[in-house]
Structure formats: C-alpha cells, structure tokens
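The structure appears right after this line, and notes come after that.
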Amino acid sequence: MKTLRKWGSVNIGLRLAYGGLGLALAAVLVSLGVGQEARAAQAGCAIASAHPLATDAGCEILAQGGNAFDAAVAVTAALAVVEPYSSGLGGGGFYLLHRADDGFQVFVDARETAPAQADAAKFLDEDGKPVADRSLRGATAAGIPGIPAALQHITQRYGSLPLKQTLAPATRLAQQGFEADARYVRASGWMVDVLKRDPATAAIFLRDGAPAQGGELIRQPQLAATLRTIAAEGSRAFYHGPVAEEMVRAVRENGGFWTQADLAHYRVVEREPLRFRYRGAIITTAPLPSSGGLVMAQTLQILDALDAGALPPDTRLHVTIEAMRRAYNDRARFMGDADFVDVPVARLASAEYARRRAKSIDLERATPSADLPSIYDVAEEGEETTHFSIVDGEGNRVAATLSVNGPFGAGLVAGSTGVLLNNHMDDFAIALAAPNLYKLVGNAANAIEPGKRPLSSMSPTFVEDERGVLVLGTPGGSRIISMVMIGIIDYMAGGQVDAQRIVGLPRYHHQYLPDRIQVEPGGFDDEWIAALRRRGHTVEVYRRKWGNMQAVFVDSKSGKREVANDPRGREGVVF
Ligand code: DON
C-alpha cells in the first residue's frame, strides 16, 4: 500500500476499492485523471488530515462502522502521537460538529484553561515586562488540557463506538512507533534546544540530543499507557487519580502552578456556533473563545457592504486588507473569553456594524493602524496546531482544529505520563500592548484569570450554499482566520468548486498590528505588490509559506465528496 500513499488522505476505502468490485471503479477514476484524494472519498472515506497515519486511523474506524464523530476521536488521538509538535492530549482545540439525522450543529470547546494559581505577575519581570520563556517554554507555559475531556465527550454524546476501539489505532502507533517524516525532523530541529532542557522529554523526541533523522522510529510507550488508561476508564482517569497526580507533580517540580483541583474542574463546553451570511452562503464557524468567527463576520460583511465583488481587482484586494485590519483591531480591543468578560458579540457580528465600519475605508488609501481606536480604548463596552475535516457516508461532519500552540508546545513531557504540555498561556495578553508569539496584542479582555480560556484564532468552519458544503480549517496562529477567509472568498466567487485549488491559494494577511501586509513568497507578482504599496500599504514578503489547510467538499447534487490536503503540508511547510 505504501506506494499508493499520498499525503493525508490515504485510506482504508482505497484499499477496499482495490479489493474486489472496487477495482473497476478505481480503474475508471484513474483513467479519468481523478486525484487519489477524490478516489479515496468516492470509495467511502472522506477525511482530510495533516498526517496519512492519522487519516488511516480515522478510515479504519469508519470501516469498522463508526461515524464521523468516532473517526474524529481516532484522528485526534492518532495526531497526538504522530504530529506531537502540533496537537496532543496535553493540548486543546475546537470541534465543529454537524449531525446529519436532525441537522444539529454544535461547537465543542476543548480549549485549555488557566490554572487557578496563574496570574499575570508570574509572567512578568521586575519592570513589568513579559518574560517570553515563562509563557512559551516549560511547565509555566501550560494551560489545563482539554483534549482528553473532548475525546470522552464526543464519544458519549455523538459517537457509536467505545473509546477502547477508537483509541486503539493511536495506542498502537504510540507503542510500536512511527517513522519521523520531513515535518517531524524540521519541527524537532527548530525546537531542539527547548526539548533538550528536560532529559526525559529529549529521550522521547530527540536522538542523543539531536533531531531524529527521517525514517527513524519515534516510540512513545508512556503515552501508549496513558491512552490505554483513558480507553479503559474514560477521561476521568486523566483528570483524577495517578495520571493527574503524576502530571501535577511534574508540572510543579518544573516550576509550574497546576493543582489537582485545576484538573478536576476542567470541563468541555458546548457552544452555539457563530453563524452569518456572506454573499448568500451560510458560514458556520467558531464563537469565542476563538476570535475567528467574529473577525470573519466583520471582514466578510464589510466586503458585502462595499459590494466588493463589483470592484476592480486592485481595489477589491485593498478593501479586503482594510476590512481585515478593522476586524483584527476589534479582536485586540474587545475579545477574550466571554465567560469571564463582557464582549459586545451581537454588535461585532452584525451586518449593521460592518456597514458602519465599511464607511471608514478609503477606497484609494491604506488607513494607518495607528489611526484606528487603540487597545487602550475599550470604549464603553466593557509547528503548530492541526486541522482535520471529516464527512461520513451519512453526511455527519466534523471540522476540528487542535493545538499545543507553538511547535512541541511547552517542550516538556509531564513526568512518566508521556503527555507533552501545551504553551497556550502565551495566547493570553500577558501585558497591555505586549505582542505574543503571533505578534497579536490585546487588553484586559484577554488578561490571565484563573479558569479562563485564552483567546484563540482557531476557526473550524462550514460554508454552505446551493452547490454544497465546504468543511475547512487550518493551523497558522493569527493567520488562521485570514486563510479561512481567503478560502471562503474564493469559494463564493462562484463557478465550479475545486477544493484542491482552494487549499492551495496564495495567502496574504493583515492583523491590524503590526501594520503591514504579509504575503507568501512566490504567491503574488510584483505589480500586485506595487499596487498595494501605491495605496500606502507596507507589504512584507514573508520568508516562507504558511498554513496546512484540510478540506472536504460535498457536492449537493452528486453527493460526491472531494478531499483536499494543502500542498504546503506535503512540502513540509508547517507554520
Ligand atoms: O489558538 C490559537 O489561535 C493558536 N494557539 C494556534 C496556534 C497555531 O495555529 C500554530 N500553528 N502554526
């Protein structure tokens, strides 16, 4: 089977297709020049994930009769093993679910929470400046993980198979090991100095203190044991008892602030997804504590208000950037965990507000970000991360974006549990106007408070119109939101949907501060860039491409499912 394998969408369905009757179908599709992803989807397994072994795990579960939600559990757990630099049991994430039976949709929020003993002062030096190491490296950087609770929650409420079955592929991969691929080698190369700080962590992810070579086997028997415990006893065994005690011991021994109570109090929260209309499509996406939905709602509704589709291409691009600038400005000013702070959600999401914001856009000139309301102005109102998309044969859907934040998260495994800790404390605004890893700024709305969830940009999304439904998302920090929007804008430009093209589109990004447009190298020609500069924009061609979008498109007429993996993932580009 290995020779048939193509990035993240190789699957059991394809194997079945190459068995008996499927052979003819596969042959026809090959002769039609249909890509392997498409063939895979037709053969019954529509999963786009960032790693072929994780896709395999999900397809295995679908083939055993599981639904999309069971497959999501299997893919999550497998990614925790084979993409440890992106997501894991020690991290968090968001799942957007659609149940075909009754059309029920829900956003499962498994974001990490701040430990009760964490306060901003613990992340600042004597001069009140953030110490990056404390929110990014080691035990202090880690929020209370949400993924184990999500595995159990999704299984109990929406799944049809027991955790014992859905966690089996991941447990096997952790026990037997997986081969380091180009992305693993690259991510562990970036983080080698951090991973080396703890000998036990280095022993798992490095080889004699150096990054593993491609093809070397990465085995995680301790993580396999933790997975087995969760499979047998449920996620309670992660948040209580020996596993929890060992994690708290290790975190505290390394200077962190976790307590048993923090773990015991962790809860997944079901939230109403954020919905809005854009050019006649219904966009269903992430509510707070992700900023993704609100930033997209404002940006895209500004484009609608300006009838951007009718503008000349240069002007359309300019107003798209200006709309992003304003929406990210509001991210910095207003957004945080709405369970803790008042965020004017209804206003920020409304078409009326977008129309007002649109009026401040000069069609010819860039607005300097310094001229927008600052983050001090709260007015009167108060390598890595991963995404996968799944659609099963019944039409159940999952879009999930999961993360340990930076590559290999905090770079510390919690004692003997094999659980690699996240560094999501850095997603809080540690001090006013102090940029985080993604150069995002914020204010009191996103300040650290015990039990609070740090503001995120992760945006699992459904786009639905009469042509079908596009299930999509990507990693990429603050740029997640602009990437998803570029995908939506292209989808809504009309015509034949080509999911593979959408995930490969060249990307640009503006996030209010820093006041510059970032563009992917090779993505745009000189004239395109010059036109933006003429309007007063600063354009920075970034040193590498970004994102790893995973999408599934279901055509409403034919029922055909197209699976699309970002070509950047294949190229080993992860950020
Ligand atoms: O929640 C967030 O917005 C970030 N912690 C996501 C991090 C990420 O996407 C890193 N990926 N390259």
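Here are a few things to note about the model shown:
- The residue list Ala71, Ala139, Ala80, Ala116 contains one member that is within 16 Å of the ligand (Cβ to nearest atom) and in contact with a helix residue (DSSP H, G or I) (Cβ under 7 Å, 6 or more places away or on another chain), which is Ala80.
- Scanning region 409-425 for residues that are surrounded by fewer than 24 Cβ atoms within 10 Å (Cβ to Cβ) and within 10 Å of the ligand (Cβ to nearest atom) yields no hits at all.
- Given (1) at pLDDT 95 or above; (2) closer than 26 Å to Pro454 by Cβ; (3) within 25 Å of the chain's Cα centre (by Cα), number of the condition Trp190 does not satisfy: (1)
- Meets criteria (on the phi > 0 side of the Ramachandran plot and either surrounded by fewer than 24 Cβ atoms within 10 Å (Cβ to Cβ) or more than 16 Å from the ligand (Cβ to nearest atom) (or both)) for Gly256: no
- Residue match in region 377-393 (condition: among the hydroxyl-bearing types (Ser, Thr, Tyr), in contact with an Asp or Glu (Cβ under 6 Å, 6 or more places away or on another chain) and within 16 Å of the ligand (Cβ to nearest atom)): yes
- Elements of the type helices (runs of 4 or more DSSP H) sitting completely within region 146-248 and holding at least 3 residues that are of a type outside the set (D, E, K, R) and more than 20 Å from Ala78 (Cα to Cα): these cover 192-195, 199-205.
- Taking residues in region 473-502 that are basic (Lys, Arg), and partners anywhere that are more than 10 Å from the ligand (Cβ to nearest atom), the pairs with Cβ atoms closer than 8 Å and at least 6 places apart or on different chains are Arg479/Arg507; Arg479/His509; Arg479/Gln511; Arg479/Gln518; Arg501/Asp490.
- Qualifying positions in region 524-554 - among the small types (Gly, Ala, Ser) and either surrounded by 13 or more Cβ atoms within 10 Å (Cβ to Cβ) or within 16 Å of the ligand (Cβ to nearest atom) (or both): Ala531, Gly536, Gly547, Ala551
- Within the option set Leu455, Leu437, Leu432, being surrounded by fewer than 23 Cβ atoms within 10 Å (Cβ to Cβ) and within 11 Å of the ligand (Cβ to nearest atom) holds for one residue only, Leu437.
- The sole residue among Arg111, Arg172, Arg186, Arg134 that is buried (at least 24 other Cβ atoms within 10 Å of the Cβ) and charged (D, E, K, R) is Arg111.
Per-residue answers, yes or no, for (1) over 21 Å from the mean Cα position of the chain (by Cα); (2) closer than 25 Å to Glu384 by Cβ; (3) among the small types (Gly, Ala, Ser):
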| position | (1), (2), (3) |
| --- | --- |
| Asp526 | yes, no, no |
| Val541 | yes, yes, no |
| Gly547 | no, yes, yes |
| Gln550 | no, yes, no |
| Ser556 | yes, no, yes |
| Gly559 | yes, no, yes |
| Ala564 | no, yes, yes |
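The values are calculated or read from the model by the stated rules, or taken from the named source; none is laboratory data. Quick caveat, the model's predicted, so the values are computed rather than measured. Glycine gets a Cβ as well: all are built from the backbone with ideal geometry, and neighbour counts include every protein chain shown.
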